[in-house]
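Working notes, structure below.
Read the figures in this text as sums done on the coordinates, not as results from a lab. Just so it is clear, the model here is predicted, and its values are computed rather than measured. Every residue, glycine as well, gets a Cβ built from its backbone with ideal geometry; the counts of neighbours run over all protein chains shown.
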Amino acid sequence: MPKTHSDIGLIGLAVMGQNLALNIADHGFQISVYNRTTEKTDKFVAENPNTPGGLVGAKTLQEFVQSLSKPRKMVILVQAGKATDAVIDGLVPLLEKDDIIIDGGNALWTDTIRREKALKEKGLRFIGSGVSGGEEGARFGPSLMPGGEFAAWKELKPVWEAIAAKVDGKTGKPIMGAQPGKPVKGGVPCTTYIGENGAGHYVKMIHNGIEYGDMQMICEAYALMGGLLGLKPAEMGAIFSEWNQGALDSFLIEITADILKQKDPKTKKKAFVDVVLDTAGQKGTGKWTSTNALDMGVPAPTIAEAVFARCISALKDERVAASKILKGPGKKYKGSKKALVAAIHDALYCSKICSYAQGFQLMRTAQAEFGWKLNFGEIAQIFRGGCIIRAAFLQKITEAYARNPNLANLLLDPYFNKTVKKAQENWRKVVSLAAECGVPAPTFASALAYYDSYRSARLPANLLQAQRDYFGAHTYERVDQPRGKFFHIDWPEPSRPQIEA
Ligand code: 2AM
């Protein structure tokens, strides 16, 4: 017998919405569902008659709202942006004080801040929750990053903890094997309260920025194995499988190994990667991360390089034309294969550490900017299961923040410091070889430059500031005077017109 009122509701029955609704119903919650196009709702409910919690289809928003137990909790999973605002506008007149709207879409965190504020003024509560893990994650356990009022989170917590991905409490490894109607039992849920208003969506955005970095770095390892050693995809697949047993153990390394071993289904002979066109798409969250880094003045060059790598990949025709005109060095690597594969492994690991250091630096700066109090160890923990960047490595980040919750930069943690110290020779060798042989490795090189810049007590910005003082009277501080005291030299008239910089 269905309950008179559902435990929760969900609006937007595209694949993510359907999968999240089924995940919720699998955990015994009765869920009301609504979609703008009613046929989709009818079809979805008819196709899934026997979920443990039960699906209730609603034809109108009014019917949907009335079917929910109070305080009402309703998840919106529609396109981020205008569609989300349209759904919220439709809901507001139908809701009562303290009802909770949860936006599970990929919203820009500043939109979430705006929406939370506007709804609070109407006595309503709003949670912006990052949902990571794609369609599969939504169905069998995503990583969930909720932000909003803490009391509202407490209402949502039982559902969010039930449906989140689970990891083993001891090893931190994801617990796999969920089936329709049979979710996994036990384990630690990959969700935690992130912070006020837009904090959840901000952290989701950083997750995606880090994901851009991880993916591009793996592609550079692949490019170097091919470009310097002439390895075939299947051989590289075996190497990635081996790497997946060690420090690089992660979802993205695992799927890379599978992809490299895959044959083209059409020709049945060629490697699948060899028939895939080398242009990558993007939906914008990596760009958001990089734009935000620029806005806040936080160095996140490796993540930005990963975004630019996709941009340059999209210039396929131009690159094909340029390849006939612009010549590289023509130098070949002649050393040991085994040694170079090990060096590429280390270069990948060190670059990854720098990229994560940048992502966590961004979160650290954002929390001050937006008034959040983020728990970085917990954030790393909820990335361990469900999401695309899930990796054994995240445990090391959690441990680093347990050692020092106020860690200024991940690189300063003893484990990461020691790891980079040990591996940097290999990392430098790979970046040099890439440059010498003309194989593009933008994130490896950028991460190394980040490392070398961050560990420099003195950078050439002294000269830069002197240039600024010369042409724009921007003043300079002195090494032998307290910070905050500014000086200026009356330089000779510059020969060119004055320019702002
Ligand atoms: P539809 O099936 O009626 O198109 C992803 O596109 C989901 O968002 C779909 O469920 C879609 O509904 C919904 N959606 C997109 N724009 C919407 C809007 N302005 N109002 C309500 N739902 C919308």
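So the values come out like this:
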{"read-out": "Close pairs (7 angstrom Cβ cut-off, 6 or more residues apart or separate chains): within 11 Å of Asn23 (Cβ to Cβ) in region 150-163, surrounded by fewer than 18 Cβ atoms within 10 Å (Cβ to Cβ) and aliphatic (A, V, I, L, M) anywhere", "value": "none"}
{"read-out": "Qualifying residue in region 454-462 (condition: more than 30 Å from the chain's Cα centre (by Cα), among the polar types (S, T, N, Q) and assigned to a helix (DSSP H, G or I))", "value": "yes"}
{"read-out": "Pair list, Cβ < 7 Å and 6+ apart or interchain, from region 16-43 residues that are in contact (Cβ under 8 Å) with a residue 12 or more places away in the chain to residues that are more than 12 Å from the ligand (Cβ to nearest atom) and among the hydroxyl-bearing types (Ser, Thr, Tyr)", "value": "Leu22/Thr51; Ala25/Thr51; Asp26/Thr51; Gln30/Ser6; Ile31/Ser6; Ser32/Ser6; Ser32/Ser67"}
{"read-out": "Filtered residue count, region 1-28, keeping only those that are of a type in the set (Gly, Ala, Ser), away from the ligand (no atom under 16 Å from the Cβ) and under 19 Å from Ala164 (Cα atoms)", "value": "2"}
{"read-out": "Filter result for Leu95 (over 25 Å from Gly137 (Cβ atoms), of a type in the set (A, V, I, L, M, F, W, C) and touching a helix residue (DSSP H, G or I) at 6+ places or on another chain (Cβ under 8 Å))", "value": "yes"}
{"read-out": "Residues located in region 264-275, provided they are surrounded by 15 or more Cβ atoms within 10 Å (Cβ to Cβ) and without any contact (Cβ under 8 Å) to a residue 40 or more places away in the chain", "value": "Ala271, Phe272"}
{"read-out": "In region 46-64, the residues that are away from the ligand (no atom under 14 Å from the Cβ) and part of a helix (DSSP H, G or I)", "value": "Ala46, Glu47, Gln62, Glu63"}
{"read-out": "Filter result for Gly104 (of a type outside the set (A, V, I, L, M, F, W, C) and more than 24 Å from Glu149 (Cβ to Cβ))", "value": "no"}
{"read-out": "So Ile88, is it buried (at least 22 other Cβ atoms within 10 Å of the Cβ) and within 16 Å of the ligand (Cβ to nearest atom)", "value": "no"}
{"read-out": "Qualifying position, being touching a Leu at 6+ places or on another chain (Cβ under 8 Å) and aliphatic (A, V, I, L, M), among Val430, Val479", "value": "Val430"}
{"read-out": "When residues of region 4-15 are limited to those that are surrounded by fewer than 22 Cβ atoms within 10 Å (Cβ to Cβ) and touching a Leu at 6+ places or on another chain (Cβ under 9 Å), the one nearest to Gln79 (Cα to Cα)", "value": "Ala14"}
{"read-out": "Test: Ala343 is buried (at least 21 other Cβ atoms within 10 Å of the Cβ), of a type in the set (A, V, I, L, M) and within 24 Å of Ala447 (Cβ to Cβ)", "value": "yes"}
{"read-out": "Members of region 436-448 found to be surrounded by 16 or more Cβ atoms within 10 Å (Cβ to Cβ) and in a helix (DSSP H, G or I), listed by number", "value": "Cys437, Pro442, Thr443, Phe444, Ala445, Ser446, Ala447, Leu448"}
{"read-out": "Helices (runs of 4 or more DSSP H) fully within region 99-195 counting 1 or more residues that are surrounded by fewer than 21 Cβ atoms within 10 Å (Cβ to Cβ) and in contact with a strand residue (DSSP E or B) (Cβ under 8 Å, 6 or more places away or on another chain)", "value": "109-121, 150-163"}
{"read-out": "Where a residue in region 243-263 is in contact (Cβ under 8 Å) with a residue 60 or more places away in the chain and hydroxyl-bearing (Ser, Thr, Tyr) and its partner, wherever it lies, is buried (at least 18 other Cβ atoms within 10 Å of the Cβ) and not in a loop (DSSP other than H, G, I, E, B), with Cβ under 6 Å and at least six apart", "value": "Ser250/Ala391"}
{"read-out": "Long-range neighbours under 7 Å by Cβ, at least six apart or interchain, first residue over 16 Å from Arg458 (Cα atoms) within region 476-495, second part of a loop (DSSP other than H, G, I, E, B) and of a type in the set (D, E, K, R)", "value": "Lys485/Glu477; Phe486/Glu477; Phe487/Arg478"}
{"read-out": "Condition check for Arg115: within 16 Å of the ligand (Cβ to nearest atom) and basic (Lys, Arg)", "value": "yes"}
{"read-out": "Residue check for Ala368: assigned to a helix (DSSP H, G or I) and exposed (fewer than 13 other Cβ atoms within 10 Å of the Cβ)", "value": "yes"}
{"read-out": "Residue ID - nearest to the ligand (Cβ to nearest atom), chosen from residues in region 65-84 that are surrounded by 17 or more Cβ atoms within 10 Å (Cβ to Cβ) and assigned to a helix (DSSP H, G or I)", "value": "Thr84"}
